[in-house]
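Visitor: The structure that follows is given in the form of structure tokens.
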Amino acid sequence: MKQAVNKQLVKHIAQLANIPISSQEEEELAKDFSKTLEVVDKLQKVDTKGVEMTHQVTGLTNITREDEVNEKNMFTQKEALANASRTHDGFFVVERLIDVE
Amino acid sequence: MLNKLTLKQAIDKLGNKEVKLEDIWLDVLNSIKDKNSKFNIYLNINEKYQDQLNKPLKGLPIAVKDNFCTKDLITTASSLLLKDFKPQFESTVTQKLKDAGGEIVGKTNMDAWAHGSSTETSQFGRTLNPRNSEHLPGGSSGGSAAAVAADMCIAALGTETAGSVRQPAAWCGVVGLKPTYGRTSRYGIAAMASSTDSPSPITKTVEDAAILLNHIAGHDPLNATSSTKEVPDFTENLGKSIKDLKIGVIYHDLKGLEDAWALFAPQLDIFTKLGASVEYAQAMDPKHAVGVYTVVQRSEVSSNLARFDDVRYQHGRDTFGDEAKRRIMLGTHTLSKGYADQYYNMSQQVRTMMIKDYEKLFETYDVLVSLTSPGFAKKIGATEGEAMFGELEDMLLEVSSLGGFPGASVPCYHDKKTNLYLGMNIMAPMWREDLVIQVADAFEKNTHWNSWRNND
């Protein structure tokens, strides 16, 4: 049977998800995903014509709050940076995100 | 042996000055020291506490799953990525626990990021089942269920996304009560699937679960999906007769459940004896729930775990374990352009059908009852090579989770040879935890399966 997911697709997904994986893992994951999606594909047999989607079950809609500063829920700069791997002059240091392969 | 007290007993005895809080803590901490190296239940232990006898939970030691952010107390979600993460803030549920006088005695092991039903995906080693150390405790709240079973706490908190409280409760022979989705706040919990995650009590008795739920439930402005519905006193239905209640039994004719069902079916007789009516009912094939849950959960996981990297949490995405990688990636796929219709949207439609199916059943029955898990606790290593282990294990619970319905698992059979338990899953319509508690409590008090009660 043809696999629903091949190595190429796994590579692409890994890039989208920003998950570093080895080429051996690509092979394993392709098999794994195909196996899992076989189970999911059984849903195709269910007649869902005209059925609404359920994204959430609370019945709540458009919950908003006043646009007010809640000082109780604010971090100091020191607290905000407390778990960062790299900081510089009170800022987070991040890798360059644009113009990279 | 004051660590063996139930929450209710401990509260009462402290109130009557029959026992001292420090003696309870001493016994709990000693049992942790005795057993933790063998069973790997706690990742972090906190020995500091305050006498809070004026508050309802009186300073009692409560175990908390390690995905609740606890201020200044390392919170890992059993993952290497968060191994050094010291939250700068407190989750709403643990804040409520503290406000009520509960003290966190430690943070418990779990499947990493709550991905799993065994604790075998924890990046800090699996937990063993204290009822029988050759077996798994279930998961993902396996550490919390095991801490209760081993009397290494007075009560515990877990979280359920689809079975993560009820299934380990069943495997460890304890009580797990998943409230209605939105009844308890998700604020400050390492999210798994935001549309079903439900913080929940894991306890020695149903009564304890009702008491603990009273203190952690309620609307939270910091969590938009938490409900503003009034919170009733969940202890009100304890001891109430179940006469004339209608109980629908589902999933009785599924393949693969025959052995467990043969032990389970006779346990339903007590309901008839107590004056309730018991009928076999037909629900939609839960095998579809496996597909739906797999897609919904992976999709939400991929979105929720996108925020975790070394910029804010010290360790990078290369530290994700195999299971987290698998789930994030598959969810990325099921949400991606060209595939979302086929997978995600389709699943959300079948989800609607399953919810309607349950709602229809609830027109006839007050509660629905089934086995919690397809069998007894599995042996160590059972998850190896099983990409769908959790989904199949939690199949009987997934519809109630996807629909937000409340449910509890109570011990309903004990195998003397292995010392392992089966759980009974009792489910009710949205916001009707009172019915779940009423039926679960009646079952517990009129049978002899609960190892903390002496009913017979």
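The values are calculated or read from the model by the stated rules, or taken from the named source; none is laboratory data. Note that this is a predicted model, so its numbers are computed, not measured. Glycine also receives a Cβ, built like all others from the backbone with ideal geometry; neighbour counts cover every protein chain displayed.
Visitor: Considering only the stretch B:347-361, state which residues are under 18 Å from B:N425 (Cβ atoms) and more than 14 Å from chain A (Cβ to nearest Cβ).
Guide: The initial filter retains those residues of the stretch B:347-361 that are under 18 Å from B:N425 (Cβ atoms), namely B:354-355, B:357-359, B:361.
Across the stretch B:347-361, the qualifying residue is only B:L361.
Visitor: Against the definition (more than 30 Å from B:P179 (Cβ to Cβ), at pLDDT 90 or above and of a type in the set (A, V, I, L, M)), how does A:L16 come out, yes or no?
Guide: Working: more than 30 Å from B:P179 (Cβ to Cβ): yes; at pLDDT 90 or above: yes; of a type in the set (A, V, I, L, M): yes.
Taking the combined requirement at face value, the residue satisfies it.
Visitor: Give me the residue from the stretch A:82-97 that is out of contact with any Phe, Trp or Tyr (no Cβ under 7 Å at 6 or more places or on another chain) and within 7 Å of chain B (Cβ to nearest Cβ) and, out of that set, nearest to B:P87 (Cα to Cα). First the steps, then the outcome.
Guide: Quick first cut of the stretch A:82-97, residues out of contact with any Phe, Trp or Tyr (no Cβ under 7 Å at 6 or more places or on another chain) only: A:82, A:85-97.
Within this subset, residues satisfying the condition of being within 7 Å of chain B (Cβ to nearest Cβ) are A:82, A:85, A:92, A:94.
Details: A:A82: 9, A:S85: 15, A:F92: 17, A:V94: 21 Å.
The residue in question is A:A82.
Visitor: List every residue pair whose Cβ atoms lie under 7 Å apart, where the two residues are 6 or more positions apart in sequence or sit on different chains, the first residue falls within the stretch B:1-29 and is of a type in the set (G, A, S), and the second residue, located anywhere, is buried (at least 19 other Cβ atoms within 10 Å of the Cβ).
Guide: B:A10/B:I24; B:A10/B:L60; B:A10/B:I154
Visitor: Something else now. For the stretch B:304-339, which residues satisfy the criterion of being in contact with a strand residue (DSSP E or B) (Cβ under 9 Å, 6 or more places away or on another chain) and within 19 Å of B:E384 (Cα to Cα)? Show your work before the answer.
Guide: Looking only at the stretch B:304-339, we keep the residues that are in contact with a strand residue (DSSP E or B) (Cβ under 9 Å, 6 or more places away or on another chain), and these are B:311-312.
If the condition is that a residue be in contact with a strand residue (DSSP E or B) (Cβ under 9 Å, 6 or more places away or on another chain) and within 19 Å of B:E384 (Cα to Cα), then no residue fits.
Visitor: Name the residue that is surrounded by the most Cβ atoms within 10 Å (Cβ to Cβ), counting only residues in the stretch A:32-72 that are among the polar types (S, T, N, Q) and either facing chain B (nearest Cβ under 7 Å) or in contact (Cβ under 8 Å) with a residue 24 or more places away in the chain (or both).
Guide: Of the residues in the stretch A:32-72, the ones among the polar types (S, T, N, Q) are A:34, A:36, A:44, A:48, A:54, A:56, A:58, A:61-62, A:64, A:70.
Narrowing the set further to residues that are either facing chain B (nearest Cβ under 7 Å) or in contact (Cβ under 8 Å) with a residue 24 or more places away in the chain (or both) leaves A:34, A:36, A:48, A:54, A:56, A:58.
Details: A:S34: 18, A:T36: 24, A:T48: 17, A:T54: 22, A:Q56: 15, A:T58: 19.
Here the residue is A:T36.
Visitor: Same structure, new question: Which is without any contact (Cβ under 8 Å) to a residue 60 or more places away in the chain and surrounded by fewer than 24 Cβ atoms within 10 Å (Cβ to Cβ), of B:K378, B:K445, B:K356? If you could, list the steps in order and put the result at the bottom.
Guide: Numbers: B:K378 fails: without any contact (Cβ under 8 Å) to a residue 60 or more places away in the chain; B:K445 fails: without any contact (Cβ under 8 Å) to a residue 60 or more places away in the chain.
Only one candidate passes the filter, namely B:K356.
Visitor: Checking the conditions here, which among B:G275, B:G239, B:G218 is in contact with a helix residue (DSSP H, G or I) (Cβ under 9 Å, 6 or more places away or on another chain) and over 30 Å from B:S91 (Cα atoms)? Walk me through how you get there before you give the answer.
Guide: Values: B:G275 fails: in contact with a helix residue (DSSP H, G or I) (Cβ under 9 Å, 6 or more places away or on another chain); B:G218 fails: over 30 Å from B:S91 (Cα atoms).
Answer to the check: B:G239.
Quick grid of which residues meet (1) hydroxyl-bearing (S, T, Y); (2) within 10 Å of chain A (Cβ to nearest Cβ); (3) surrounded by fewer than 18 Cβ atoms within 10 Å (Cβ to Cβ):
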position	(1), (2), (3)
B:T294	yes, yes, no
B:Q297	no, no, no
B:S303	yes, no, yes
B:G321	no, no, no
B:T334	yes, yes, no
B:D341	no, no, yes
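Visitor: Looking for whichever is touching a Gly at 6+ places or on another chain (Cβ under 7 Å) and charged (D, E, K, R) here; the options are B:K243, B:K255, B:K229. Which one fits? Outline the logic, then answer.
Guide: Values: B:K255 fails: touching a Gly at 6+ places or on another chain (Cβ under 7 Å); B:K229 fails: touching a Gly at 6+ places or on another chain (Cβ under 7 Å).
It is B:K243.
Visitor: Picking from B:V369, B:V436, which residue would you name as being closer than 19 Å to B:V174 by Cβ, under 19 Å from the mean Cα position of the chain (by Cα), outside any helix (DSSP H, G or I) and touching a residue at least 12 places away in the same chain (Cβ under 8 Å)?
Guide: Numbers: B:V436 fails: outside any helix (DSSP H, G or I).
None of the others qualify; the one that does is B:V369.
Visitor: Which of the residues spanning the stretch B:309-347 are farther than 18 Å from A:D32 by Cα, among the hydrophobic types (A, V, I, L, M, F, W, C) and not in a helix (DSSP H, G or I)?
Guide: Within the stretch B:309-347, just B:A340 meets the criteria.
Visitor: Looking at (1) under 21 Å from B:K287 (Cα atoms); (2) acidic (D, E); (3) more than 7 Å from chain B (Cβ to nearest Cβ); (4) under 19 Å from the mean Cα position of the chain (by Cα), find the lone condition where A:E26 falls short.
Guide: A:E26 satisfies all of (1) under 21 Å from B:K287 (Cα atoms); (2) acidic (D, E); (3) more than 7 Å from chain B (Cβ to nearest Cβ); (4) under 19 Å from the mean Cα position of the chain (by Cα) except (1).
Visitor: In addition: Out of all the residues in the stretch B:384-403, which are assigned to a loop (DSSP other than H, G, I, E, B) and touching a Gly at 6+ places or on another chain (Cβ under 7 Å)? I'd like the intermediate steps shown before the answer.
Guide: Step one: filter the stretch B:384-403 for residues assigned to a loop (DSSP other than H, G, I, E, B), giving B:384-388, B:394.
Passing the criteria: only B:D394.
Visitor: Looking at B:L238, B:L263, B:L268, which is the one that is in a loop (DSSP other than H, G, I, E, B), within 30 Å of B:K445 (Cβ to Cβ), touching a residue at least 24 places away in the same chain (Cβ under 8 Å) and not hydroxyl-bearing (S, T, Y)? Write out each step before concluding.
Guide: Details: B:L263 fails: in a loop (DSSP other than H, G, I, E, B); B:L268 fails: in a loop (DSSP other than H, G, I, E, B).
Just a single option satisfies the conditions, and that option is B:L238.
Visitor: Restricting the search to the stretch B:218-234, which residues are closer than 24 Å to B:E444 by Cα and in contact (Cβ under 8 Å) with a residue 60 or more places away in the chain?
Guide: B:P232, B:F234
Visitor: Something else: Return yes or no: is B:R307 touching a helix residue (DSSP H, G or I) at 6+ places or on another chain (Cβ under 7 Å) and more than 7 Å from chain A (Cβ to nearest Cβ)?
Guide: No, not satisfied.
Visitor: Also: Being out of contact with any Ser or Thr (no Cβ under 7 Å at 6 or more places or on another chain), of a type in the set (D, E) and within 25 Å of B:T334 (Cα to Cα) is the filter here, so list the residues in the stretch A:35-91 that pass it.
Guide: Result: A:E38, A:D41, A:D47.
Visitor: Do we find that B:G15 is over 30 Å from B:T161 (Cα atoms) and of a type in the set (G, A, S) in this structure?
Guide: Details: over 30 Å from B:T161 (Cα atoms): yes; of a type in the set (G, A, S): yes.
Yes, satisfied.
Visitor: Here are B:A193, B:A262, B:A276: which of them is surrounded by fewer than 24 Cβ atoms within 10 Å (Cβ to Cβ), closer than 30 Å to B:Y313 by Cβ and among the hydrophobic types (A, V, I, L, M, F, W, C)? Talk me through it step by step, then tell me what you get.
Guide: Numbers: B:A262 fails: closer than 30 Å to B:Y313 by Cβ; B:A276 fails: closer than 30 Å to B:Y313 by Cβ.
None of the others qualify; the one that does is B:A193.
Visitor: Looking at the stretch B:75-111 only, could you name the residues that are more than 29 Å from B:I11 (Cβ to Cβ) and either within 14 Å of chain A (Cβ to nearest Cβ) or surrounded by fewer than 24 Cβ atoms within 10 Å (Cβ to Cβ) (or both)? It would help to see each step written out before you state the result.
Guide: Initially, the stretch B:75-111 is screened for residues more than 29 Å from B:I11 (Cβ to Cβ), giving B:76-86, B:88, B:111.
Selection gives B:T76, B:A77, B:S79, B:L80, B:L81, B:L82, B:K83, B:D84, B:F85, B:K86, B:Q88.
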